[in-house]
Amino acid sequence: MPHSTNKELILGIMVGTAGISLLLLWYHKVRKPERAMKLPKFLSLDNTFNSITLQDEIHNDQGTTVIFQERQLQILEKLNELLTNMEELKEEIRFLKETVPKLEEYIQDELGGKITVHKVSPQHRARKRRLPTIQSSATSNSSEEAESEGGYITANTDTEEQSFPVPKAFNALVEELNLDVLLQKVDHLRMSESGKSESFELLCDHKEKFRDEIEFMWRFARAYGDMYELSTNTQEKKHYANIGRTLSERAINRAPMNGHCHLWYAVLCGYVSEFEGLQNKINYGHLFKEHLDIAIKLLPEEPFLYYLKGRYCYTVSKLSWIEKKMAATLFGKIPSSTVQEALHNFLKAEELCPGYSNPNYMYLAKCYADLEENQNALKFCNLALLLPTVTKEDKEAQKEMQKIMTSLKR
């Protein structure tokens with residue numbers, strides 16, 4: 001073979017080899033970015049990954065590269081799932097932050113609308129009728145505006161479609177009473193469990209006449225609290241609690257130095273909180289404590305206030321860590337109290353009115369049991385057995401004290 005022909009052959013082989021090398025280099029640079037570009041698409045599909053395609057691509061690789069890339073994909077998949085969950089959590093937190101400040105406005109909107117007042121004839125008194133409420137002064141600029149709008153309204157909620165039963169009046173005829181006589185009758189009727197519903201009905205009959213009288217207003221709010229206690233239906237209880245809280249709020253705005261208005265606003269905030277989540281429970285607990293302290297300053301000789309303060313202290317002393325942290329987030333400090341502080345308030349109620357109530361004795365027994373003063377705990381359990389059982393709360397307290405006595409005697 002001529003020498004020139006050999007040179008051409010060698011040159012051709014070198015060119016071919018270089019071409020193949022360039023082709024391989026081009027393949028690695030183009031093919032792998034192509035695969036890398038598939039990852040964002042995979043992640044954007046919220047984990048809807050075609051496993052067959054992935055396996056085909058993995059099998060095209062070799063050795064440790066396959067294992068490494070497979071693990072990378074698994075990690076990316078987990079990270080994508082975590083990021084998705086975090087975004088959903090952030091959205092829920094944002095929604096809650098926007099919703100909570102509007103709670104008051106929402107409730108007031110739910111309670112919006114005017115009432116049509118009907119004089120009920122004796123024959124129809126036993127029929128069901130919608131319950132009255134009164135528009136919160138927070139939604140009106142003055143008492144004159146509230147009066148011009150009728151003052152008393154019905155809840156424009158799902159309760160508008162329901163009719164809650166109102167007890168029969170204590171008298172077949174609606175008797176027109178002056179304010180002093182009405183208040184005396186109402187207070188007297190409340191002394192018995194059965195009389196509370198009659199007291200409520202009597203106040204309903206006179207709401208148009210005395211709706212702006214402070215002594216009437218806080219008693220009407222109290223009566224809604226009584227109906228909350230008497231009711232066994234969850235929706236009814238919620239209905240009574242919300243309307244009573246609105247009434248007592250309006251009463252406070254009209255008479256901020258009346259201790260009874262603050263007392264019953266605190267109580268009804270406690271009732272409303274029973275239907276709320278943890279965050280709103282803590283919020284209502286803050287309102288409860290605030291208005292209870294005001295009421296104690298205005299009515300320092302009222303034993304019921306010290307019983308309620310004792311209940312609050314005892315509950316706070318039993319709060320879980322997460323509940324305390326939630327309260328700190330909302331109000332900037334962790335609520336704190338002790339069983340000793342609760343005990344002090346229960347003893348104050350007993351001092352002001354010896355034999356005050358079964359529930360007060362029950363909590364005294366609980367406090368002493370928590371403090372491991374068993375003799376004192378048994379003492380108050382035995383004292384409670386001497387008291388009459390009148391209300392539903394009395395009956396529940398008696399049952400609880402039986403459990404306490406059994407545990408102490410073990």
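The values are calculated or read from the model by the stated rules, or taken from the named source; none is laboratory data. Since this is a predicted model, take the numbers as computed values, not measurements. A quick note on method: Cβ atoms are made from the backbone with ideal geometry, for glycine too, and the neighbour counts reach across all protein chains shown. Side chains included, ligands, DNA and RNA excluded: accessible areas come from the protein's heavy atoms. Shrake-Rupley method; radii C 1.70, N 1.55, O 1.52, S 1.80 Å.
Structural remarks
- Scanning the stretch 222-242 for residues that are under 25 Å from L183 (Cβ atoms) and among the polar types (S, T, N, Q), we see that the one that is modelled with the highest pLDDT is N242.
- Subset of the stretch 187-212 [outside any helix (DSSP H, G or I) and of a type in the set (S, T, Y)]: S192
- Any chance Y284 is of a type in the set (F, W, Y), free of Cβ contacts under 8 Å to residues at least 40 places away in the same chain and assigned to a helix (DSSP H, G or I): yes
- Comparison of L383, L347, L319 shows that the only residue that is in contact (Cβ under 8 Å) with a residue 24 or more places away in the chain, among the aliphatic types (A, V, I, L, M) and surrounded by 13 or more Cβ atoms within 10 Å (Cβ to Cβ) is L383.
- Among residues of the stretch 208-224 that are over 14 Å from T246 (Cα atoms), those with a beta-carbon under 6 Å from a residue that is at pLDDT 95 or above and among the aromatic types (F, W, Y) at least six positions away or on a different chain give the pairs F210/F216.
- Candidate set: the stretch 245-268, residues that are within 17 Å of the chain's Cα centre (by Cα) and within 25 Å of K395 (Cβ to Cβ); chosen: the one surrounded by the most Cβ atoms within 10 Å (Cβ to Cβ): L268
- Odd one out for T232 among (1) among the hydroxyl-bearing types (S, T, Y); (2) open to solvent by 20 Å² or more (accessible area, probe 1.4 Å); (3) in contact (Cβ under 8 Å) with a residue 12 or more places away in the chain: (3)
- Residue selection: G270 satisfies the criterion of being more than 26 Å from F210 (Cα to Cα), part of a helix (DSSP H, G or I) and small (G, A, S).
- Screening the stretch 355-380 for residues that are assigned to a helix (DSSP H, G or I) and among the polar types (S, T, N, Q) and picking the one that is most open to solvent (accessible area, probe 1.4 Å) gives Q375.
- Selection status of E249, in contact with a Phe, Trp or Tyr (Cβ under 9 Å, 6 or more places away or on another chain), part of a loop (DSSP other than H, G, I, E, B) and either assigned by the TED database to the domain that holds Y361 or farther than 23 Å from E350 by Cα (or both): no
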